[in-house]
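Notes follow the structure.
The values are calculated or read from the model by the stated rules, or taken from the named source; none is laboratory data. All figures in this text were calculated on a predicted structure; none of them were measured in a lab. Cβ sites come from the backbone with ideal geometry, for glycine too, and all protein chains shown count toward neighbours.
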Amino acid sequence: MIRFEQVGKVYPDGTTAVDGLSFEVREGELVTLVGPSGCGKTTTMMMVNRLTDPTSGRILVGGEDVARTDPVRLRRGIGYVIQQGGLFPHRTVLDNAAAVPLLAGWSRRRARARAAELLELVGLDPDTYGPRYPGQLSGGQRQRVGVARALAADPPVLLMDEPFGAVDPVVRERLQSEFLALQAAVRKTVLLVTHDIEEAVRIGDRIAVYGQGRVAQFDTPAAVLGTP
Ligand code: ADP
Ligand code: ADP
């Protein structure tokens, strides 16, 4: 579903972020990208939805070369979740959750109905939380709204950058479990960035362990844990 073929990225200032990246994420699979800060995880993810482009190699999503795909059309099929949810602070929770379907051209009424459905799905009562603003929610709740927003237009692919990073360990574990249950139901093709190896092996179907700019190991949790 997502295929990296010898992908390299050198930023204009000469920094090599990734080099010779090759791996494939199957349909419905959750792959975690794990490694220390600065090893190229976020760059990898941003090349999938063309927030930045590779300087060598290519990336295929659903068989299409993303370099030849219009970014707006590409992003319609790709939900994106960032730390803290990345919400619009001056819009209500309901409008935040409805933002992606609205951009995709849905009617206001249909987008809001869908947003309410998704809030329910991530464990937020739409009547209670829908009218609130992001600043009135806890970190974990904001993160859930971010997930609801990313899923609202039902994209086949989900990119998540440290989605459980900004909350305390107890909330974090709950969000991980809830997300696993949600993923079992919706079966998206997911790329998830984390710097926490425990999180990576707990939730990943397979794990890409990054060294500097490279994937040093790409395997199942059992195989990654079994390696000395
Ligand atoms: P990670 O997500 O693993 O922390 P990043 O992909 O953010 O890693 O960064 C990989 C490398 O690329 C780092 O050395 C970082 O400093 C560098 N980098 C990231 N973005 C830019 C940029 N816009 N311009 C120049 N260098 C960048
Ligand atoms: P979670 O994010 O998983 O719901 P938290 O421990 O972060 O759990 O929050 C527990 C409860 O406290 C939340 O349900 C929320 O109603 C309330 N809460 C936390 N932070 C805030 C806040 N900044 N403003 C309003 N309510 C909050």
### Query
Pick from the range 104-143 the residues that are outside any loop (DSSP other than H, G, I, E, B) and in contact (Cβ under 8 Å) with a residue 40 or more places away in the chain: which of them is nearest to residue 76 (Cα to Cα)?
111
### Query
For the range 153-180, how many residues are part of a loop (DSSP other than H, G, I, E, B), at pLDDT below 90, crowded, with 19+ Cβ neighbours inside 10 Å and more than 16 Å from ligand 1 (Cβ to nearest atom)?
2
### Message
Looking at 200, 208, 223, can you tell me which residue is modelled with pLDDT of 90 or more, in a helix (DSSP H, G or I) and under 27 Å from residue 100 (Cβ atoms)?
### Response
200
### Message
For the range 54-97, give me the residue count where each residue is closer than 17 Å to residue 153 by Cα and more than 18 Å from the chain's Cα centre (by Cα).
### Response
3
### Message
Looking only at the range 190-202, filter to residues that are surrounded by fewer than 22 Cβ atoms within 10 Å (Cβ to Cβ) and not basic (Lys, Arg); which one of those is nearest to residue 82 (Cα to Cα)?
### Response
195
### Task
Working only within the range 88-97, note down all residues that are assigned to a loop (DSSP other than H, G, I, E, B) and of a type in the set (S, T, N, Q).
92
### Qualifying residues in the range 153-177 (those that are under 11 Å from residue 80 (Cα atoms) and hydrophobic (A, V, I, L, M, F, W, C)) - the one nearest to ligand 2 (Cβ to nearest atom)
160
### Query
So residue 92 fits all but one of (1) within 16 Å of ligand 1 (Cβ to nearest atom); (2) surrounded by fewer than 21 Cβ atoms within 10 Å (Cβ to Cβ); (3) among the hydroxyl-bearing types (Ser, Thr, Tyr); what number is the exception?
(1)
### Query
Counting only residues that are outside any strand (DSSP E or B) and of a type in the set (Val, Ile, Thr), which one in the range 182-197 is farthest from residue 167 (Cα to Cα)?
186
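Given the residues 35, 40, 123, 57, which is the only one that is surrounded by 14 or more Cβ atoms within 10 Å (Cβ to Cβ) and under 21 Å from residue 145 (Cβ atoms)?
123
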### Pairs where the first residue, in the range 204-228, is within 16 Å of residue 45 (Cα to Cα) and the second is of a type in the set (Ser, Thr, Tyr) and within 16 Å of ligand 1 (Cβ to nearest atom), C-beta under 6 Å, 6+ apart
204/32; 207/32; 213/16
### Inter-residue pairs, beta-carbon under 6 Å, first closer than 19 Å to residue 213 by Cβ and in the range 23-49, second of a type in the set (S, T, N, Q) and surrounded by fewer than 17 Cβ atoms within 10 Å (Cβ to Cβ), 6+ apart
39/212; 46/52
### Query
What number goes with the only condition from (1) in contact with a Leu (Cβ under 9 Å, 6 or more places away or on another chain); (2) crowded, with 18+ Cβ neighbours inside 10 Å; (3) over 30 Å from residue 16 (Cα atoms) that residue 185 does not pass?
(2)
